[in-house]
1. Given the options A:Gly217, A:Gly276, A:Gly238, name the one that is at positive phi, out of contact with any Ser or Thr (no Cβ under 7 Å at 6 or more places or on another chain) and not charged (D, E, K, R).
2. If the requirement is being at pLDDT 95 or above, away from every other protein chain (no Cβ under 13 Å) and more than 18 Å from the chain's Cα centre (by Cα), which of these qualifies: B:Val92, B:Val65, B:Val134, B:Val150?
3. Just one of the numbered conditions (1) under 20 Å from B:Cys115 (Cβ atoms); (2) touching a helix residue (DSSP H, G or I) at 6+ places or on another chain (Cβ under 9 Å); (3) open to solvent by less than 10 Å² (accessible area, probe 1.4 Å) is not true of A:Ala61; which one?
4. Which members of the stretch B:242-254 meet the condition of being of a type in the set (A, V, I, L, M) and surrounded by fewer than 24 Cβ atoms within 10 Å (Cβ to Cβ)?
5. Taking A:Gly265 as the residue in question, decide whether it is of a type in the set (Gly, Ala, Ser), over 30 Å from B:Thr224 (Cα atoms) and within 14 Å of another protein chain (Cβ to nearest Cβ).
6. Going residue by residue through the stretch B:113-132, is there one that turns out to be within 30 Å of B:Leu172 (Cβ to Cβ) and either open to solvent by 60 Å² or more (accessible area, probe 1.4 Å) or aromatic (Phe, Trp, Tyr) (or both)?
Protein chains: 2
Amino acid sequence: MIGPSPATPRPEEAVIAGFDAATAPTATDVHGSLAVHLDKDWQVGGKQNGGYLLALLGRCAVAAVGEQYPYPVAASAHYLSAPEQGPAEVDVTVLRTGRGTAQARVVLRAGGRACVEGVVTCGAIEGDVWWDDVPVPELPSEQDCPRLPVDSPGLHVPLLGVLAERLDPATLGWVDGKPSGRGELRGWVRFDDGREPDPLALLAMVDCLPPATFDLGVYGWVPTLELTCYVRAVPAPGPLVVRQRARHIAAGRLDEECDVWDSTGRLVASGHQLAGIRVPG
Amino acid sequence: MIGPSPATPRPEEAVIAGFDAATAPTATDVHGSLAVHLDKDWQVGGKQNGGYLLALLGRCAVAAVGEQYPYPVAASAHYLSAPEQGPAEVDVTVLRTGRGTAQARVVLRAGGRACVEGVVTCGAIEGDVWWDDVPVPELPSEQDCPRLPVDSPGLHVPLLGVLAERLDPATLGWVDGKPSGRGELRGWVRFDDGREPDPLALLAMVDCLPPATFDLGVYGWVPTLELTCYVRAVPAPGPLVVRQRARHIAAGRLDEECDVWDSTGRLVASGHQLAGIRVPG
C-alpha cells in the first residue's frame with residue numbers, strides 16, 4: 001500500500017502522546033458512550049493493567065462532572081472480565097454534583113462484555129497535611145536502583161516501557177530467585193517520556209509495580225478483583241516513590257496495599273486491592 | 001385507637017431481630033426495587049452508620065447473585081448524601097456471574113435522592129492463610145475493657161446499644177481529654193443481643209468504632225466519602241477484635257484503615273475509608 005506512514009503523527013496529534021493519548025476518549029456515540037482505545041503499551045503479560053484502566057475511567061469521570069471537581073479524590077473499581085487491547089467504550093453516569101464533591105459511575109465495556117465497573121468521587125484536593133502515619137521509605141538514589149526491563153524470561157511487560165520503574169535492590173532478590181520474604185517492593189517510578197505526574201496518573205501508579213508477592217517467591221499472575229485509590233495531594237514534578245506491600249494472602253486472594261509519595265516526600269496517593277492468587281500447595 | 005400493640009411482634013417476626021431485621025428487604029416493588037427500613041438503632045449522632053449501610057447493601061447483593069456466591073468478598077461504596085432513618089429502597093443490578101465470583105451494583109435511595117452507590121463482588125471464602133502481615137493486636141481481656149456508652153455529653157450513639165464495643169483502656173484517654181496522639185482505637189466488639197458474627201456483619205464492623213481521630217484530639221464528625229471492605233474469612237463465633245487507625249489527614253480528608261479479627265485471632269476483614277474531617281486550624 002502507498003500512503004502516509006501510520007508512524008508519522010499528524011501535527012495536532014503529536015502534542016499529546018503516551019499516557020494522555022492512552023486514556024483519551026476519541027469520540028462520543030449517539031447514546032453518549034465514549035469510545036476509547038485500550039493501549040497495548042499498558043499491558044502486563046498480555047492483559048491491560050488494572051491501574052491504567054482505573055486512570056482511564058477516572059479521566060472519563062472527571063470530564064463528565066465538570067471543572068468545579070477537577071480531580072479524582074476516591075476511585076474504586078471491580079474487575080469483571082479482562083478486556084482485549086483495542087477499541088472499547090465507557091459509559092459515564094453522573095450520580096451527584098454537590099458543594100465540594102461530585103460522583104460518577106463509570107463502566108468499561110469491550111468485546112460486548114462489561115469489563116470494569118466503578119464509582120469515582122471527584123473534587124478539589126488542597127490543604128495542608130495535618131497527620132501522617134505513612135512515612136516515606138528511605139531508598140537508594142534513583143540511579144542506584146535498577147530499572148525493570150520490558151522483557152524477562154517468560155514475561156513481556158510493555159508497561160515497563162512507558163513507566164521507568166527503578167526498584168530498591170533490597171527488594172529485587174526475587175530477580176535472582178532469592179526473595180526477601182517480606183512481601184514488599186519499593187522504588188522510583190516516572191513516565192519514561194518525561195510526562196510529569198498528576199492526580200489522574202496516580203490512579204495508575206497504585207497498581208504499577210510488579211506484585212509484592214514476587215518478594216514472597218510467588219511469581220504467578222495476580223488478577224485484580226477490586227482496586228480503590230485515594231488521591232491525597234497534587235504531586236510535585238519529578239519521580240514518585242511507590243511502595244507495594246502484601247498484607248494478607250488467604251482463601252486464594254491477596255490483599256495488597258500501595259502508597260505513593262512525590263519527589264518532595266509527600267504522600268500523594270494510597271491504593272488497596274484484592275486480587276486472585278495461586279500459592280504453592 | 002383500639003388494636004394490637006405494635007410493640008408486640010407476631011411470632012414469625014420474633015425469630016429475626018437486631019442486625020438481621022435491620023438489614024432485611026421487606027418487599028419488592030413492580031420495578032424490582034427492594035424496600036428496606038433504615039434502622040434508628042444503627043445511628044451515630046443522628047446519621048445512619050456507613051458500615052451498617054454497606055452491610056445492608058451487601059446483603060441485597062448476595063441475595064441477588066444466587067447461592068453459588070454466598071458471601072460478600074469485596075464491597076466498595078461511595079456515600080452521596082446521608083439518608084434519614086425510615087423507609088428507603090435498594091436497586092440491585094447483577095453485573096456478572098462468573099465461575100468463582102459474581103458482581104452486583106447496589107444503589108440506596110431515600111427521600112427521592114441517591115444516597116449510597118457501590119459494587120459488591122460475591123463468592124465463596126474458603127482456604128488457609130498463606131501469608132499474614134497484619135498481626136492481631138494484644139488486648140486486655142474483654143471484661144477489662146470498658147464498654148462505650150450510648151450517651152455521653154453532647155453525643156447520642158444508638159449504635160453502641162446494638163454493638164457492645166469494649167475498648168482497650170490504652171486507647172481511651174480521649175474520654176478524659178487525654179488522647180494518646182497515636183491515632184488508633186482498638187477493642188472487642190460483639191452484637192449486644194448475642195448474634196454471632198458472619199461475613200455480612202463484617203461489612204458493618206469495619207466502620208463501627210468511633211473515629212480513630214478521637215485519639216488525636218479531633219472530636220468532630222467524620223462523614224464517610226468512600227468505604228471498601230475485603231472479607232477474608234468466615235469468622236468463628238465469639239467476640240471480634242477491631243482496630244481502627246488514622247493513616248493520614250490532609251486536604252480536609254481522613255484516610256482510615258480498619259482490621260477485624262475473630263475470636264481465634266484470624267484476620268477476617270479489612271476496611272479502608274476516606275472521610276471528610278475538620279481539623280483545628
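1. None of the others qualify; the one that does is A:Gly217.
2. The conditions single out B:Val92.
3. Of the numbered conditions (1) under 20 Å from B:Cys115 (Cβ atoms); (2) touching a helix residue (DSSP H, G or I) at 6+ places or on another chain (Cβ under 9 Å); (3) open to solvent by less than 10 Å² (accessible area, probe 1.4 Å), the odd one out for A:Ala61 is (2).
4. Narrowing the stretch B:242-254 to residues of a type in the set (A, V, I, L, M): B:242, B:246, B:249-251, B:254.
Those that are of a type in the set (A, V, I, L, M) and surrounded by fewer than 24 Cβ atoms within 10 Å (Cβ to Cβ): B:Ala250, B:Ala251.
5. So A:Gly265 fails the test.
6. yes
So that you can scan it fast, the table gives a plain yes or no per residue for (1) acidic (Asp, Glu); (2) part of a strand (DSSP E or B):
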| residue | (1), (2) |
| --- | --- |
| B:Asp207 | yes, no |
| B:Pro210 | no, no |
| B:Phe214 | no, no |
| B:Leu227 | no, yes |
| B:Pro235 | no, no |
| B:Val242 | no, yes |
| B:Arg247 | no, yes |
| B:Glu256 | yes, yes |
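Yes/no per residue for (1) of a type in the set (S, T, N, Q); (2) within 14 Å of another protein chain (Cβ to nearest Cβ); (3) in contact with a helix residue (DSSP H, G or I) (Cβ under 6 Å, 6 or more places away or on another chain); (4) surrounded by fewer than 18 Cβ atoms within 10 Å (Cβ to Cβ):
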{"site": "B:Lys178", "(1), (2), (3), (4)": "no, no, no, yes"}
{"site": "B:Leu202", "(1), (2), (3), (4)": "no, yes, no, no"}
{"site": "B:Met205", "(1), (2), (3), (4)": "no, no, no, no"}
{"site": "B:Leu227", "(1), (2), (3), (4)": "no, yes, yes, no"}
{"site": "B:Ala233", "(1), (2), (3), (4)": "no, yes, no, no"}
{"site": "B:Gly238", "(1), (2), (3), (4)": "no, no, no, yes"}
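The values are calculated or read from the model by the stated rules, or taken from the named source; none is laboratory data. It should be emphasised that the depicted structure is a prediction, and the values quoted were computed from it without experimental measurement. Ideal geometry is used to build each Cβ from the backbone, glycine not excepted, and the neighbour counts take in all protein chains shown. Quick note on the areas: whole protein, heavy atoms, side chains included, nothing else; ligands and nucleic acids left out. Shrake-Rupley method; radii C 1.70, N 1.55, O 1.52, S 1.80 Å.
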